[in-house]
Amino acid sequence: MEILFEHERIEDFLVVEEMLINNRLLIDPIDTESDHPCRLVNYFLAPGVNFKCLLDRNVVSYLIELVNGKRVTSAKKDKCYRLTAALQAFLNASEVYSEPGMAYHEYMETSGIEKADKELSFFRSADNLNPNIYLDIATGIRDSVPPSEVPRFDTGEILYADIPRKLRHFETNIVFIKKALSLKSYGYSDYRVLLELIDWIYKYYIFSAPSFHFLSIYFSSKKISNMIKSHTLKGIRNATWDLCLIQQLITNIRNDSNNNIHWLLSTFDKAIQMTTDLVFIKQDESVDEYYSRLEKSYSEMWGKRNNYGSNLLDKLIKFQQSAEHSERNIVRFNGSNKYILSLRKEVEQEFQKRVNA
């Protein structure tokens with residue numbers, strides 16, 4: 001049966017679709033290699049499904065600059081703004097809900113709650129702008145958002161909300177990075193750092209798939225520039241926010257699995273994209289097929305001749321199979337807050353002594 005699909009600017013959206021696909025700007029975490037999230041027609045073929053997209057901070061920041069009058073030129077440095085406009089036009093036409101929440105936790109951490117609150121009001125304006133304006137910017141018809149077209153939203157949304165001071169995801173994941181960098185400071189090879197790290201996690205700490213796969217990439221031959229911009233507190237915290245985004249995506253998918261809500265991800269960050277590929281089992285994959293895919297990826301990252309990738313993956317699988325073993329301290333102490341806080345303090349002291357001395 002032939003399916004007819006019409007839209008008043010379908011030709012422009014066909015251009016936008018290719019822009020999103022070529023730049024991997026819209027990802028389905030449980031089908032990361034597919035281009036279906038970037039095809040407008042697919043959202044009209046899924047009645048009853050609510051689509052939501054978790055936005056990385058870089059996407060949110062570009063949106064805010066656009067709505068505040070950023071003039072987009074044909075220069076290479078402005079490509080990100082044109083792509084962001086393409087994304088926003090597409091999400092609006094697809095009726096995909098944009099979720100910027102994690103970005104605002106990061107804003108609060110780096111810039112303070114007042115600035116984050118003001119930025120969120122700008123995001124609300126950007127999210128409610130006429131999508132045809134974004135489509136015009138994406139396709140080069142216009143170069144900026146007319147100020148007169150921008151809807152205004154009041155500040156105060158964050159200031160008067162009940163927002164926790166610390167995020168569990170953040171406090172959990174920063175430990176992994178600090179421990180890995182501390183191990184590297186002993187002069188260990190990158191391969192040994194990963195072996196020692198997974199042994200330490202098994203004996204003492206909880207497991208985080210985003211952290212483990214992120215660090216596996218970071219210490220491998222496939223390392224992406226600026227994954228950890230520096231070993232300073234600022235550089236490490238920036239990387240931890242990347243991990244929090246993926247961790248939040250896992251939580252959202254798990255919590256909404258029975259609510260007809262399908263989560264997507266949008267980020268310009270290549271490290272987040274690659275880590276997401278490794279973290280999630282695809283919709284049509286068995287567990288064995290997932291591990292086979294991981295084995296191939298790890299072999300490419302660590303080399304096929306020395307079996308480093310296979311060895312790391314074998315170690316990871318054995319870990320997961322015995323995650324509830326009583327020899328693990330995290331099990332023995334039943335994951336108590338007292339134990340976790342004590343362990344974090346030990347890692348922080350080692351980090352300060354070895355890396356930040």
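The values are calculated or read from the model by the stated rules, or taken from the named source; none is laboratory data. What you are looking at is a predicted structure, and each value in this text was computed from that prediction instead of being measured. Reconstructed Cβ throughout: ideal geometry from the backbone, glycine too, with neighbour counts over all protein chains shown.
Contact map, the stretch 169-180: first residue within 12 Å of Ile201 (Cα to Cα), second residue part of a helix (DSSP H, G or I) and of a type in the set (Phe, Trp, Tyr), Cβ cut-off under 8 Å, separation 6 or more or different chains; pairs are Phe176/Phe212; Lys179/Trp200; Lys179/Phe351; Ala180/Tyr218. Within the stretch 244-292, being charged (D, E, K, R) and either in a loop (DSSP other than H, G, I, E, B) or over 21 Å from Tyr107 (Cα atoms) (or both) holds for Arg254, Asp256, Asp269, Asp277, Lys282, Asp284, Glu285, Asp288, Glu289. A search for C-beta distances below 9 Å between a residue of the stretch 291-316 that is closer than 17 Å to Ile201 by Cβ and any residue that is acidic (Asp, Glu) and loosely packed, with under 14 Cβ neighbours inside 10 Å, counting only pairs 6+ apart in sequence or on different chains, returns Lys315/Asp199.
To keep it simple, each residue is scored yes or no on (1) closer than 16 Å to Glu196 by Cα; (2) surrounded by 12 or more Cβ atoms within 10 Å (Cβ to Cβ); (3) aromatic (Phe, Trp, Tyr).
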position: Arg305; (1), (2), (3): no, no, no
position: Asp314; (1), (2), (3): yes, yes, no
position: Arg328; (1), (2), (3): yes, yes, no
position: Val331; (1), (2), (3): no, yes, no
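Of the candidates Ile253, Ile281, Ile272, Ile261, the single residue that is at pLDDT 90 or above, crowded, with 21+ Cβ neighbours inside 10 Å and among the hydrophobic types (A, V, I, L, M, F, W, C) is Ile272. Residues in the stretch 81-101 that are among the β-branched types (Val, Ile, Thr) and surrounded by fewer than 18 Cβ atoms within 10 Å (Cβ to Cβ): how many? Number of matching residues: 0.
Restricted to helices (runs of 4 or more DSSP H) entirely inside the stretch 22-101, those with at least 2 residues that are hydrophobic (A, V, I, L, M, F, W, C), closer than 27 Å to Ala239 by Cβ and in the same structural domain as Asp127 (by TED's automatic domain parsing) are 57-67, 79-94.
Quick grid of which residues meet (1) under 26 Å from Phe170 (Cβ atoms); (2) in contact with a helix residue (DSSP H, G or I) (Cβ under 7 Å, 6 or more places away or on another chain):
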position	(1), (2)
Asn238	yes, no
Leu243	yes, yes
Lys270	yes, no
Phe280	yes, no
Ser286	no, no
Gly309	no, yes
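Looking only at the stretch 102-145, residues that are loosely packed, with under 15 Cβ neighbours inside 10 Å and either part of a helix (DSSP H, G or I) or outside the structural domain of Leu14 (by TED's automatic domain parsing) (or both) come to 4 in all.
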